[in-house]
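Only the coordinates and a few stated rules stand behind these numbers; no lab work does. Small disclaimer: the values here were computed from a predicted structure and weren't measured. When we count neighbours, we look across all protein chains shown, and the Cβ atoms used for this are built from the backbone with ideal geometry, even at glycine.
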Amino acid sequence: MLKEYLTVKEIVGPLILVEGVEGARYNELVEVEFPDGSVGLGNVLEVEENLVLLQSFEATSGLNVSQTRVRFTGKSLELPVSRDILGRVFDGLGRPMDKGPRIIPDKRLDINGNPINPYARDYPTDFIQTGISAIDGLNPLVRGQKLPIFSGSGLPHSRLAAQIARQSGVLGSEEEFAVIFAAMGITFEEADFFIQEFRSTAAIERAVLFINLADDPAIERIATPRMALTAAEYLAFELDMHVLVILIDMTYYCEALREISAARKEVPGRRGYPGYLYTDLATIYERAGRIKEAKGSITQIPVLTMPDDDKTHPIPDLTGYITEGQIILSRDLNRRGIYPPVDVLPSLSRLKEKGIGEGKTREDHSPLSNQLFSAYARGKEARELSVILGEAALSEVDKLYVRFSDQFEDRFIRQGEYEDRPIEETLTIGWELLGLLPRAELKRVKEEQIKKYMQRGEAD
Amino acid sequence: MSEGRIVKVSGPLVVARGLANPKMYDLVKVGENLLMGEIIELRGDFASIQVYEETSGLGPGDQVIDTGQPLSVELGPGLLSSIYDGVQRPLDVIRDKYGNYVTRGVEEPGLDRARRWHFVPKVKKGDRVVAGDILGEVEETTVITHRVMVPPGMEGTVLQIQEGEFTVEEEVAVISTSSGERPVTMLQRWPVRKARPYIEKWAPHQPLVTGQRIVDTFFPIAKGGTACVPGPFGSGKTVLQHAIAKWADSQVVVFVGCGERGNEMTDVLLEFPELTDPYSGEPLLKRTILVANTSNMPVAAREASVYTGITLAEYYRDMGYNVTLQADSTSRWAEALREISGRLEEMPGEEGYPAYLGTRLAAFYERSGKVICLGSDNREGSVSVIGSVSPPGGDLSEPVTQATLRVVKVFWGLEDRLAFARHFPAINWLNSYSLYLDKTEDYWRDEVDPVFPDLRKEAMAILQREAELLEIARLVGVEALSPQERLIMESAKSIREDFLQQNAFDDADAFTSLRKQFLLLRLIISFHRWAQDELEKGKDIQELIAAPIREDIARAKFIPEDQLHRFDDLEKRIREEIVPVRAEVPSENRGT
């Protein structure tokens, strides 16, 4: 029998203060019964000898001080899991919302999880072919990586994320995979785009969806990514699947966190976000990875919109410090009609060195991508210069670089939304483009590689 | 031992009442799982405790036990090749016993109790010994001999000592002191927040060779010195830290992964046993200790991890070794400090950081240094500290960077602009600095080549001149520059691309000896000097730029360490290619 309290003292935003409570525990799950009889969930943020501070996951409208009942459950927020969660749609707190049957749980898992022992981790080394040149060629994704997409409002990050989910596969492998999709605060239309996308490709059978929409309670979003990752850990490390987790949009998650922090009157860090934002985000992002001797893996693609396209805003900034690289979308490329508008220069995949090369993709992959990077950087610089001084002021070599970078954007970065380019083709295009530049400029690729691959490119 | 009760739980902070005579920084055990914690504030009967483990499930009324001891680490053979969490629990042992996740309330000693070590005495019965004297030695790994020392504060005559196989807890010697007979084991404990004692500290003067060209040549760090590596994300802080951990010529490396990525620690764990130390030829892991408190592990233990790391470093320094401590990243440590401070409801300083951030950082970096160790043999040891800083948005005016710059002597400023152009290490050569440059100059002169400091100055002057010329070129175009200026631009480009840029993932390029650094720089500067000479004699700049030798200069960094004679051929070829047969030797070309 759960103890029930009618002693609510204060309600401030999402926070509820209850008096005279005995035996409450930090981070415990509570049930809050509204005066109209409906029941919501919350958890304990702080306990003192007879005072308990709760955060409610439901909107607190309709609560009052005198009639609200609070029950302490003695456990933390859990997600019931079994193989049957595949193909299902849940709300932000893990309750089925697709009119399907109730999940008969194999297990109930604490959504907060435990940190993976760094010694138990296995280093991600399996190249994932996404079929997108800007990613595969230059910033490749590997299994167990967390690689966010930094976007801005109005940019096609949803389409890109869906394309990655649709096309991703490891070269030469036929293992069981699953996609977990967690929506936090996005609009119905965006969520619908993904659901239709999963349905149309029949990927829904391999997917688990957690949906918290823009008009759902903001505080519920705090639990959503943790629900998704708990499901991911179950599928990856107990059922041996390779799981791709898409978290969209982390910006709204952080805003919910800020809301609670503000309600608690905590000393804010930058831009009003709590000082522990880094640690909190880390407890989400670090749940990606591989474990030694485990067959499955968790690869994370968090998506976030940068307020005002500002990479130094605390959310993208702290995310970038935790994740293993980032894919940044460019408004400029998008304006010029290039899809996917990946800004390759500031984009980065930290794990690429061990995921590519001989035996993984091809031995020339790494030097080729370095050469493309530096050539494109030089070309862009020269292009800016020509805007100021006119093309005539450029040296002959610089003119070639400008031509290279134009072609690079047009042929290498640009591709169709349903075009699944194999890595071989991506590399071939890369070599063809390098053919535009004088040999002496190609300092990052080895002589033998130029002979072996460029000539072949020319012969084709 | 005294017992109290919890009255409040707020995240990693717990308040307890009823402890009998608690002291600041006492180690306590919290709740029925006996979670580790440390007392950080006392108010009347209330003690505030930062708990090193996840506090979910704790509540008022739970027990709190005061051990009466400060947080300490275990010191003795077996530290090398280990991986610990922030409070020295062995993560490998924990995984074997408790599974893939870090579970709570786990108590495992830092040193293996069952393992036996072969102890060889270095003193005999009847010898007089003082604190720090070496009683005997143990071959800890094939690279490092562990010296078992008389613990600080002990002095007397050796009553008993013997060779044999011992565990760390068994007594290897008995010393008769003024306060009676005292047994000595190989295991010693030391509180992490207290610096270990030494006889005297000296200003460092010898460079720590890192094999990284831009570091060793332009911005060297001394053995016993301090450096910081600030940079926005993606600018290569960790790659640089790893490169230095791999190639630095210190005998022992302590690597503290403080609030960073789990996969980075895995990378080190998987890579270091495979990589060979260029000095000893043995796997790097044999001289490395890892302290891993990743970003998702409890925040209070992150605060403790840098102290755990530096205490381990000081212990090996006391044996007479040169030790490098690397902390990645000190910003995460500062954030842990901020979080705890916020929970204590302290008045915040800048950006919410506590007002004592600066003093704590300074106190940490001051534990570095070159010292005369305790003991009667006057041996020297050093601890060099390299901390990375992760300024939000790459903005160096933020409190952690500023407080760090006030204490460290070397600043390697990383820039994302360089990283985007794949210029690695992305250290900006114009705003970085090293205050050890002058002090280490003699070493270069004596050990490498007398002309080296001049070469370096000339190279730096070329780079600085380039920055000015770039401004002009941007406004009026490259064509408007004079041939001499064009040459400066070309030579600067050559220094940047052929010298400063270094690929940490290329076998031949990852490590460059001082000798090769000198030869490579000399090659580039030789070309510059000869070309300058020829320009004055009226040769066309385009012809000089197009000289085929320049391509060989660009590839010279890939010349393996055992073929350095090839540099002489290249020097010769410069002359042959660009100087017509009249061949007068220009005056500056001494030594070529």
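Using C-alpha pairs below 8 Å separated by at least 6 residues, the relative contact order for region B:200-434 is 31 percent. By the gyration tensor of its Cα atoms, with a ≥ b ≥ c the square roots of the eigenvalues, what is the shape of the protein assembly as shown: rounded for a/c under 1.5, prolate for a/b over b/c, or oblate? Oblate, because a/c is 1.5 or more while a/b does not exceed b/c. Note on B:ARG515 and A:GLU396: the model spin-label points, each 7 Å out from Cα along the C-beta direction, lie 4.2 nm apart.
Taking the three principal axes of the alpha carbon atoms in region A:129-275, the coordinate ranges are 54, 33, 29 Å, sorted in descending order.
Give the shape of region B:200-434 as rounded, prolate or oblate, defined through the alpha-carbon gyration tensor: a ≥ b ≥ c are the square roots of its eigenvalues, a/c under 1.5 means rounded, and otherwise the shape is prolate if a/b is larger than b/c and oblate if not. It is rounded, given that a/c, with a ≥ b ≥ c, falls under 1.5.
When each of B:HIS565, B:HIS118 is scored by the number of other beta-carbon atoms lying within 10 Å, the sequence from fewest to most is B:HIS565, B:HIS118.
Listed by chain and number, the lysines whose C-alpha is less than 23 Å from the C-alpha of A:LYS146, apart from same-chain residues fewer than 8 away, are A:LYS292, A:LYS295, A:LYS311, A:LYS352, A:LYS354, A:LYS360, B:LYS237. Dipole of region B:200-434 computed with +1 at Lys/Arg Cβ and -1 at Asp/Glu Cβ about the Cα centre; of B:THR238, B:THR404, B:THR226, farthest Cα towards the positive end is B:THR226. Counting other Cβ atoms within 10 Å as a rough exposure proxy, the listed residues B:ARG529, B:ARG317, B:ARG128 run B:ARG128, B:ARG529, B:ARG317 from fewest neighbours to most.
Our note on the geometry: Cα centres of region A:1-45 and region B:315-363, 37 Å apart.
Counting only Cβ charges, +1 for Lys and Arg and -1 for Asp and Glu, the dipole size of the protein assembly as shown around its Cα centre is about 880 debye.
Between rounded, prolate and oblate, where does chain A land on the alpha carbon gyration tensor, with a ≥ b ≥ c its root eigenvalues, rounded for a/c under 1.5, else prolate if a/b exceeds b/c? In terms of gyration-tensor shape, prolate. With θ taken as phi - 60° and the Karplus curve 6.51 cos²θ - 1.76 cosθ + 1.60 applied, the whole-hertz 3J(HN,Hα) list for region B:502-513 is 9, 9, 5, 9, 9, 4, 7, 9, 4, 10, 10, 5 Hz, x standing for glycine and proline. With contacts taken as Cα pairs under 8 Å and at least 6 residues apart, chain A reaches a relative contact order of 16 percent.
For region A:235-251, 3J(HN,Hα) computed residue by residue from phi via the Karplus equation (6.51, -1.76, 1.60; θ = phi - 60°) reads 5, 6, 9, 10, 10, 6, 9, 8, 10, 10, 10, 10, 10, 9, 10, 4, 4 Hz, glycine and proline entered as x. Per residue of A:282-290, other chain Cβ atoms within 10 Å of the residue Cβ number 4 on average. For region A:294-346 versus region B:6-47, the spacing of their alpha-carbon centroids is 42 Å. Label-to-label distance for B:GLU3 and B:ARG575 is 8.7 nm, based on points extended 7 Å past Cα in the beta-carbon direction.
Projecting the Cα atoms of A:ALA377, A:THR426, A:SER366 onto the charge dipole of region A:338-460 (Cβ charges, centred on the Cα centre) puts A:SER366 farthest toward the positive pole. Applying 1/(1 + (r/R0)^6) with R0 = 25 Å to the Cβ-Cβ distance of A:LYS9 and A:LYS75, what FRET efficiency is obtained, to the nearest 0.05? E between A:LYS9 and A:LYS75, to the nearest 0.05, is 0.55. Where the centroid of each part is defined by its Cα atoms, how far is region A:53-124 from region B:213-245 in Å? Comparing the Cα centres of region A:53-124 and region B:213-245, I get a distance of 44 Å.
Placing unit charges on the Cβ atoms only, positive for Lys and Arg and negative for Asp and Glu, gives region A:93-157 a dipole magnitude near 340 debye about its Cα centre. For A:ILE246, the residues 5 or more places off, or on other chains, whose built amide H falls under 5 Å of its own are A:ILE180, A:PHE181, A:ALA182, A:ILE301. Applying both filters, DSSP loop and at most 12 other Cβ atoms within 10 Å, to the GluC sites (Glu not before Pro) of region A:6-103 eliminates every site.
On a full-extension model of 0.36 nm per residue, what is the gain between B:LYS493 and B:GLN542, subtracting their alpha-carbon distance, rounded to one decimal in nm? If you can, show how the numbers build up before the last one.
Values: separation 49, 0.36 × 49 = 17.64 nm, distance 1.51 nm.
The span from B:LYS493 to B:GLN542 would gain 16.1 nm if fully extended.
Computing FRET efficiency as 1/(1 + (r/R0)^6) for A:ASP240 and A:GLU19, where r is the C-beta to C-beta distance and R0 is 56 Å, gives about 0.70. Modelled spin-label separation between A:THR201 and A:GLU441, with each label point placed 7 Å from Cα along the Cα-to-Cβ direction: 3.6 nm.
Which of B:GLY180, B:ALA421, A:ILE195 sits farthest toward the positive end of the charge dipole of the protein assembly as shown, with +1 on the Cβ of Lys and Arg and -1 on the Cβ of Asp and Glu? Most positive-ward Cα: B:GLY180. Loop-located chymotrypsin sites (Phe, Trp or Tyr not before Pro) in region A:391-460 (DSSP state other than H, G, I, E, B) with a sparse environment of at most 11 neighbouring Cβ atoms within 10 Å: A:TYR418. Both the radius of gyration and Dmax for region B:449-578 are 14.9, 46 Å, in that order, over alpha-carbon atoms. Say a paramagnetic label sat at a point 7 Å from the Cα of B:GLU170, along Cα to Cβ; which residues of region B:98-134 have their backbone N under 14 Å from it? Residues passing the 14 Å test: B:113-121. FRET efficiency for the pair B:THR276 and B:PHE505, taken as 1/(1 + (r/R0)^6) with r the Cβ-Cβ distance and R0 = 25 Å, rounds to 0.95. Taking the Cα centre of chain B as reference, the dipole from Cβ charges on Lys and Arg (+1) and Asp and Glu (-1) amounts to some 820 debye. As a length-normalised measure over Cα pairs under 8 Å and 6 or more apart, the relative contact order of chain B settles at 13 percent.
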